Number of protein chains: 2
Amino acid sequence: MSDNRKTNKAITLKDIAKEVGLSATAVSKALNDKGGISEKTVARVKEAARKLNYTPNIVAKSLRLNRTKTIGVIVSDSSQSFFAGVVKAIEDTAAAQGYNIILCNTDQSYEKEKKAVHVLINKRIDGLLLAASMLMKKADISFLNGFGIPFVFLIRRNESEDTDFVINDNVLGAYQIVSYLIKSGSRRIHFLNLYEESPSGKDRLLGYQKALKDNDIDFDPALVRNIKPSIEDGYIEMRSLLDKGQEITTVFCGCDIIGIGVMEAILEKQLKIPENVRVAAYDDIDFAAYLRVPLTTVRQPKDMIGCKGTELLINKIKSGNREPQHLILKPELVIRQST
Amino acid sequence: MSDNRKTNKAITLKDIAKEVGLSATAVSKALNDKGGISEKTVARVKEAARKLNYTPNIVAKSLRLNRTKTIGVIVSDSSQSFFAGVVKAIEDTAAAQGYNIILCNTDQSYEKEKKAVHVLINKRIDGLLLAASMLMKKADISFLNGFGIPFVFLIRRNESEDTDFVINDNVLGAYQIVSYLIKSGSRRIHFLNLYEESPSGKDRLLGYQKALKDNDIDFDPALVRNIKPSIEDGYIEMRSLLDKGQEITTVFCGCDIIGIGVMEAILEKQLKIPENVRVAAYDDIDFAAYLRVPLTTVRQPKDMIGCKGTELLINKIKSGNREPQHLILKPELVIRQST
DNA sequence: ATGAAAGCGCTAACAT
DNA sequence: ATGTTAGCGCTTTCAT
C-alpha cells in the first residue's frame, strides 16, 4: 500500500504522472480519451490509475469546467407519497445521464424555498427542478432567472408563460372524473378542492364546471370548498358537512390525501361508501387501491412528470437552449370501489 | 446592471475587492468574519457583496478546504413510504446543520450500490449514510473504509460490529407484538418474514421465538416463511396458504407492505379481519391507519433513525472521531383494528 | 505525442 | 489591519 493510501490522501493526476513518468496534462488527456496520446501510453496510464485506485476529484473538475453535473431538486415534502415518487423518477433519470441530485425540502415555506435556491446556486448546480413550487409570481421568476441557469417547474404550472413546466392536464383530469360521476348517477357533487391560490386547483375547478355544463347541471358554488391537502383537513371539512345534515351523496376531493380524511369521516358516521356517499379524488397515490375503500381517482403520471422534467432540464443544460417548453401530460381515470 | 450581471458571469471575491479597493484575501476574511479586519471595512465589504449580488462559489471553497458540506445518502428506493420518511428526516437534520444531501437509489442492487458509492466519493462527500444497505459483508466494510470518510448504516445493522449504525430494536419490536397477539388469544401465529439474509428479519424471528417461549408455545418452523417485502409477494404467499386449506387465524408480517398484500388475499376470500384472521405487521408506514383494515403494527421511529443517524454522521465528520457507535432505538406497538 | 504554464475561486500562511 | 504568495486538482492553451 502506497504512502498515499496509508495517509488516506486521495490519489491525484500528479501521483499517476509520477508513477508512469509523464506530465499531469498527458495523464489527464489519456484518462479522458482526449486524443493526442499514443495508444500504448493511454493503456499504461489507465492501468496505473486502476492500480493506484485513482478517483478523479470532481470538485476540482467542476471548478475548472464550471459545471458540476449536479441538479438541484426542490420539493415541499419529499416524504409524501406522491412527491417521493416524482423524486425517485428524477433521480433515476438523472443518474442514467450521469447527473446527481441535491434534494431540498421547503415544507411549503416561501422563505425556505428561496433560501434553498440560494444554497443550491452557491453549490453551482447546473440546473434546477422545482416541484409544486411556491415561487409562482413574476417577481419570483425574475429571481430565478437572475442566476442564469435553466430551471423547470414540475406538477404546478406557473403564472408566467415564459417558463418551462411539466404538469398533468388538470382541467382534463377533473373533467373526466366528474363526467364519469355524472354518467354513473351523481348530479349533486360536492367538491373539496385544493386551496384557492393553487393553479392546479383552479384548473380542476374548470374541469369540474365544464363537466357539469356539458351535462346540463347548474354550477352551485355552495358545493365547492377550498381546503388544505391534508388528511386532517379533509376529515374536519367532511365531518362539518355531515354534521350540518346536508344531503351529501358524492364528494370529489382535490387530492387523494383529502380523500382519505373524507372517507374516515364518512365511515365514522356509519355511512357506507359508495352506497351512501361516493368518494372520488385526484393523484392516485401508491396506496389508493388499498385504502379503507379502494379509491376512484385520477392518476397523475408521476413517473413521467419526474422523468420528462429531468430530461427537459438536462437538455437545456446541454444545449443552452432557452426556449420555454410546456409539457402537459394526460391523466388517467382509475375507477375503484369508492364510487 | 454591471457587465458581470449582463454576461451572467458570477461575481467573485476579486470583483468585490476591486469594488472596495482591497485584496481578495481581505474580502474573504471580512465576509467570513475571520477577524483581523476593521469593523468599518467589514461593513463596507458586506455592503458591496450585497450590492453586487455576490454568491460565494462553494465549489472553489470545497476544493480549497477539502470538504464539501455535502453528505451522500444511499437508499434502495426513496419512493417507498418508509424510506421516504427517513430521507426527509435526514434532509431536515442535515439542512439545519448547513449540509446538503445527494440522494442515490440502488433498487436493491449490490452493483448499483457500489457504483453509487464511487460516484459520491468522486464528488467528495464529507460522509455517507446507507439506509438498508446491501453492503453487509466484511469485504464491503473494507471497501467503504478504504475511502477514509465516515459512514453510518441506517435501519439495517451490519455484520461487523466495528461500524456505526442506527436501527430499531427488531428483537424487542417483534417480541412486543407477538406477545400481544398471544395474550389477546392467538397461539398459532404464522410469520411471513423478510427474506432470510435480512439481519432485521433474523432479529424479528428471534423476538417471535422468544415471545412464544415465554408463553410456553412450541416454535413450529412450518409457520415461518421468508418472502420479499412487496405487496404482491405478501398477496401471493397468503393466497397460497389459504388455498392449502390450512387453519390460519393469525399472521404476523415482516413489514407493513407485506401486510397489505396479505390483507388483500384474506378479504378476497370473503374472510373477515380480524374476526377470521388477525393480521399484524412491522414498520407503521404513513398509511397504516387508513388501510382496508387499520393495521396493528410495530412503529419504527423513522424520523429518529434519520435524525440520529445524520447527527451521528455529522458529529464524526466534525470531530474526526472513529469510535464506532450503535444506536438501537425503541420501537412502539401500535394496536389497531386488524387484530 | 508530450509538456509547461496558466487559471478556475477560494483561503491559509506568511509577510508588512 | 491589510496584502502577497501559493496551492487545492483539474483542463486548456500553446509550445515543442
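The values are calculated or read from the model by the stated rules, or taken from the named source; none is laboratory data. Quick caveat, the model's predicted, so the values are computed rather than measured. With ideal geometry, Cβ positions are generated from the backbone for all residues, glycine too; neighbour counts draw on all protein chains shown.
Here are some notes:
- Filter pass, residue B:140 being assigned to a helix (DSSP H, G or I) and in contact with a helix residue (DSSP H, G or I) (Cβ under 9 Å, 6 or more places away or on another chain): yes
- The number of residues in the range A:78-102 being more than 7 Å from chain B (Cβ to nearest Cβ) and within 19 Å of residue A:285 (Cα to Cα) comes to 6.
- Matching option when the condition is under 25 Å from residue A:55 (Cβ atoms), at pLDDT 95 or above and not acidic (Asp, Glu), among B:89, B:131, B:84: B:131
- Pair list, Cβ under 7 Å, 6 or more apart: the range A:73-90 residue without any contact (Cβ under 8 Å) to a residue 40 or more places away in the chain, other residue part of a strand (DSSP E or B): A:77/A:105; A:78/A:103; A:78/A:105
- For the range A:63-87, a residue qualifies if it is in contact with a strand residue (DSSP E or B) (Cβ under 8 Å, 6 or more places away or on another chain) and part of a helix (DSSP H, G or I), and the qualifying residues are A:82, A:83, A:86, A:87.
- Of all residue pairs spaced 6 or more apart or on separate chains, those with beta-carbon atoms under 6 Å, a first member in the range B:215-229 that is closer than 21 Å to residue B:180 by Cα and a second member that is loosely packed, with under 15 Cβ neighbours inside 10 Å are B:217/B:187.
- Selected residue (criterion: modelled with the highest pLDDT) from residues of the range B:28-60 that are near DNA strand C (Cβ under 8 Å from one of its atoms) and among the charged types (D, E, K, R): B:29
- Among residues of the range B:24-38, those that are part of a helix (DSSP H, G or I), among the basic types (Lys, Arg) and more than 8 Å from DNA strand D (Cβ to nearest atom), counted: 0
- Residue count for the range B:143-173 satisfying the condition of being in a strand (DSSP E or B) and of a type in the set (Gly, Ala, Ser): 0.
- Looking across the range B:257-309 at every residue that is farther than 19 Å from residue B:86 by Cβ and among the basic types (Lys, Arg), the one that is farthest from the other protein chains (Cβ to nearest Cβ) is identified as B:278.
- Residue within the range A:105-123 that is in contact with a strand residue (DSSP E or B) (Cβ under 7 Å, 6 or more places away or on another chain), of a type outside the set (A, V, I, L, M) and within 9 Å of chain B (Cβ to nearest Cβ) present: yes
- The range A:244-303 - residue that is of a type in the set (Gly, Ala, Ser) and touching a strand residue (DSSP E or B) at 6+ places or on another chain (Cβ under 6 Å) and, of those, farthest from residue B:290 (Cα to Cα): A:254
- Top-ranked residue in the range B:53-73 [being at the interface with chain A (Cβ under 7 Å from one of its Cβ atoms) and among the small types (Gly, Ala, Ser); ranked as farthest from DNA strand D (Cβ to nearest atom)]: B:62
- When residues of the range A:61-94 are limited to those that are of a type in the set (S, T, N, Q) and farther than 21 Å from residue A:198 by Cβ, the one nearest to DNA strand C (Cβ to nearest atom): A:66
- Conditions (1) in contact (Cβ under 8 Å) with a residue 60 or more places away in the chain; (2) part of a helix (DSSP H, G or I): number failed by residue B:289: (1)
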